[in-house]
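*Asks:* I have a structure here, written as structure tokens, and I will follow up with some questions on it.
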Amino acid sequence: MILNKEEQKVYKKEIKDVAPKTKHISTLLRAFFTGGTICCIGQGVNQVLGILLPSLTEEDRGGYTTLLMIFFTGILTAFGVYDHIGNFGGAGSIIPITGFANSIVSQAMEHKREGIIFGICSNMFAIAGPVIVMGITASVVVGIVYLFL
Amino acid sequence: MKNQTVLFRSPVPVAETATIAGPKEKEGPLHAYFHYTLEDDLLKQDSHEHAEIRLHVGVLKQLLNRAKLSPQEIDCAFAGDLLDEIIGSNFAMRELDIPFFGIYNACATFGESLILGSCMIEGGFAERVTCSVTSHFATAERQYRYPLELGCQRTPLSQWTVTGAGATLLDKNATSKIKITSGTIGKVVDYGIKDANDMGCVMAPAALSTLRTHLQDTGRTVDYYDKIFTGDLGYSGSLLLQKKASETGIILHNHEDCGNLIYNRIAQNVESGGSGACCCGLVFNGYIYDQLQKGRLKKVLLMPTGALLSKTSSLQGESIPAICHAVSVEVIE
Amino acid sequence: MNVFIDYLLVFAVGGGICVLGQLFINYTKMTSARILVIFLLIGVVLEACGVFESIKEVAQAGITVPITGFGSNLAKGAIKGARENGVLGAIVGGTKAASAGLAGAIFIGFLSALVAKPKSKGVK
């Protein structure tokens with residue numbers, strides 16, 4: 001038995017009545033706190049790098065910061081800590097570059113048992129793949145547009 | 001068979017049950033009713049899928065031990081789980097010397113196996129039948145949702161897949177007073193919900209449809225039963241079922257949900273409750289069977305509910321159909 | 001004192017971006033992949049319009065650590081490539097500039113997977 005569109009709408013409304021409400025304020029505050037903290041850590045890493053290696057250009061410093069942040073995430077994910085941060089922070093831990101790294105590392109770990117080639121390598125980008133595809137496509141589009149400017 | 005309901009002329013005795021519960025279930029309120037509990041959900045295997053296969057082998061061996069039977073004395077086994085191509089059951093059965101039917105109705109598999117097993121016995125085709133199911137949090141999470149280590153939040157409607165295995169032995173010649181008296185075969189119901197985190201609300205209409213059919217076919221009312229147990233509607237799904245039922249004039253005052261019973265919903269942080277093929281498998285074979293034996297419950301209607309989705313169907317924009325089977329289990333002196 | 005205000009800005013902007021993402025999650029039930037793509041594209045667009053640099057002056061890591069920074073890197077590289085190297089630069093420039101993040105994530109992902117096993121949740 002399949003309901004028609006009208007009846008489906010009515011049923012969806014009924015679900016809304018019984019479903020527990022998402023705690024908006026709490027999730028937003030936690031996202032703010034987690035996201036802000038991760039960005040501050042990034043800022044800190046960047047400044048420390050500036051002090052330790054003053055010869056680096058600003059761009060290179062940014063590159064090293066990204067690498068270090070990703071490295072930390074890899075370790076936290078491998079030790080099973082990042083999923084707890086994610087459960088607490090929601091978007092606060094997804095949107096920073098650490099979330100991107102976590103999506104790659106967690107997928108790779110999950111599929112370890114299917115072997116290195118067909119497990120780890122081919123499943124690594126199940127979540128992060130769209131980001132890379134869209135990102136690179138967008139960059140090529142921007143590049144081509146700027147050719148004519 | 002009357003409409004959708006099979007009424008057994010000679011009710012089928014439930015001879016023995018066996019359960020293995022995972023570590024989180026062990027911390028839940030029903031821990032005292034499980035026959036065996038695990039410390040670790042990996043069982044020293046190298047993947048959670050292997051662990052689930054061990055669970056299935058383990059629960060069937062335990063069942064045979066408790067009933068003091070050898071595998072050769074079982075006429076056939078009905079078994080299922082949630083893994084792709086039900087490999088949990090298929091691979092478990094290569095170690096046991098029992099003729100085997102693999103079945104799948106998602107979380108309603110246990111109900112399906114009880115009805116099929118009872119029909120085999122009632123029809124005179126078999127004397128002893130086992131019905132078993134397993135589910136595992138880690139394998140289900142990976143198959144239907146996200147990797148374990150991905151940082152993401154669980155939505156308030158999501159449910160926690162039960163880790164465990166449950167098995168029931170139906171024996172024509174057993175002296176057990178606990179008998180299966182009827183079974184209502186559910187129809188697939190689709191209310192157009194697409195949210196794969198909202199299983200309870202997907203399955204509630206299926207439960208209601210089967211419940212109404214069952215009451216109609218048997219001419220019983222809700223009051224006939226001491227308790228009506230749904231499979232894994234969870235907190236919100238149960239509320240929805242009770243509300244929809246009262247709209248059709250059925251007051252479900254004796255309704256319980258296995259998904260609500262198995263965990264301490266707030267303290268164990270499981271959002272809307274438990275789910276999974278083995279949710280009702282553990283609660284029936286552990287808790288309900290015990291209550292029936294002690295005479296605290298006499299007439300019970302078990303209604304395992306299943307959401308029939310796959311990852312592919314969800315991605316292709318399909319809504320989630322659901323099914324519910326009802327089995328009435330009674331103490332007959 | 002200046003440092004304190006710097007960090008306050010980083011915290012506020014970074015947190016603000018994440019709050020925006022959380023609003024998306026709460027109201028539209030989007031998954032991680034969609035959220036990441038949206039914010040990445042926001043970064044690309046901001047950079048392409050030339051606004052990103054001025055935000056970065058103020059917010060620093062607050063806007064570069066979120067995935068918007070990755071997007072901006074891609075766009076910046078593509079623009080630079082297009083100006084210096086013509087067609088080839090326009091196509092490879094973006095990937096070149098973002099390769100630190102990509103290569104790093106792939107490498108550490110591969111290593112962690114070789115070493116560590118995923119753990120089941122909820123069991124203390």
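*Asks:* Give the number of residues within the range A:83-114 that are under 16 Å from C:Pro66 (Cα atoms) and more than 7 Å from every other protein chain (Cβ to nearest Cβ).
*Replies:* Residues in the range A:83-114 being under 16 Å from C:Pro66 (Cα atoms) and more than 7 Å from every other protein chain (Cβ to nearest Cβ): 2 in total.
*Asks:* Within the range C:105-124, can you find the residues that are in contact with a helix residue (DSSP H, G or I) (Cβ under 6 Å, 6 or more places away or on another chain) and either at the interface with chain A (Cβ under 7 Å from one of its Cβ atoms) or not in a loop (DSSP other than H, G, I, E, B) (or both)?
*Replies:* Result: C:Ala105, C:Ile108, C:Gly109, C:Ser112, C:Ala113, C:Ala116, C:Pro118.
*Asks:* Continuing with the same structure: Examine the range A:53-64 for a residue that is more than 7 Å from every other protein chain (Cβ to nearest Cβ), assigned to a helix (DSSP H, G or I), of a type outside the set (Asp, Glu) and under 17 Å from the mean Cα position of the chain (by Cα), and state whether such a residue exists.
*Replies:* no
*Asks:* Return the total of residues in the range A:1-39 being assigned to a helix (DSSP H, G or I) and either away from chain C (no Cβ under 14 Å) or in contact with a strand residue (DSSP E or B) (Cβ under 8 Å, 6 or more places away or on another chain) (or both).
*Replies:* Number of matching residues: 14.
*Asks:* Could you tell me which of the residues C:Val65, C:Val58, C:Val92 is more than 8 Å from every other protein chain (Cβ to nearest Cβ), without any contact (Cβ under 8 Å) to a residue 60 or more places away in the chain and within 17 Å of C:Val10 (Cα to Cα)?
*Replies:* Among C:Val65, C:Val58, C:Val92, only C:Val58 is more than 8 Å from every other protein chain (Cβ to nearest Cβ), without any contact (Cβ under 8 Å) to a residue 60 or more places away in the chain and within 17 Å of C:Val10 (Cα to Cα).
*Asks:* Report, by residue number, each residue of the range C:38-58 that is of a type in the set (A, V, I, L, M) and surrounded by fewer than 22 Cβ atoms within 10 Å (Cβ to Cβ).
*Replies:* Passing the criteria: C:Ile38, C:Leu41, C:Ile42, C:Val45, C:Leu46, C:Val51, C:Ile55, C:Val58.
*Asks:* Still on this structure, please answer the following. Output the residues belonging to the range C:95-104 that are farther than 14 Å from C:Gly69 by Cβ and either at the interface with another protein chain (Cβ under 7 Å from one of its Cβ atoms) or in contact with a Leu (Cβ under 7 Å, 6 or more places away or on another chain) (or both).
*Replies:* C:Thr95
*Asks:* Can I ask one more? Within the range C:22-103, considering only helices (runs of 4 or more DSSP H) that don't extend past its boundaries, which have at least 1 residues that are of a type in the set (Lys, Arg)?
*Replies:* Ranges flagged: C:32-49, C:52-59, C:67-97.
*Asks:* Suppose we filter B:Ser113, B:Ser89 for residues that are within 24 Å of B:Arg145 (Cβ to Cβ) and either crowded, with 24+ Cβ neighbours inside 10 Å or modelled with pLDDT of 95 or more (or both); which single one remains?
*Replies:* B:Ser89
*Asks:* Of A:Ile144, A:Ile127, A:Ile117, which residue is surrounded by fewer than 24 Cβ atoms within 10 Å (Cβ to Cβ) and facing chain B (nearest Cβ under 8 Å)?
*Replies:* A:Ile127
*Asks:* Follow-up question, since we're still on this one. Go through the range C:13-45 and report how many residues are under 13 Å from the mean Cα position of the chain (by Cα), aliphatic (A, V, I, L, M) and more than 7 Å from chain A (Cβ to nearest Cβ).
*Replies:* 3
*Asks:* Against the definition (at pLDDT 90 or above and either more than 26 Å from B:Pro147 (Cβ to Cβ) or surrounded by 14 or more Cβ atoms within 10 Å (Cβ to Cβ) (or both)), how does A:Asn46 come out, yes or no?
*Replies:* yes
*Asks:* I need a count of the residues in the range B:165-189 that are within 13 Å of another protein chain (Cβ to nearest Cβ) and touching a Ser or Thr at 6+ places or on another chain (Cβ under 9 Å).
*Replies:* Number of matching residues: 3.
*Asks:* May I pose another question? Condition test on A:Gly80, is it of a type in the set (Gly, Ala, Ser), at the interface with another protein chain (Cβ under 7 Å from one of its Cβ atoms) and part of a loop (DSSP other than H, G, I, E, B)?
*Replies:* Against the criterion (of a type in the set (Gly, Ala, Ser), at the interface with another protein chain (Cβ under 7 Å from one of its Cβ atoms) and part of a loop (DSSP other than H, G, I, E, B)), A:Gly80 qualifies.
The values are calculated or read from the model by the stated rules, or taken from the named source; none is laboratory data. Keep in mind it's a predicted model, so treat the numbers as computed, not measured. Counting neighbours? That spans all protein chains shown, and the Cβs are built from the backbone with ideal geometry, glycine included.
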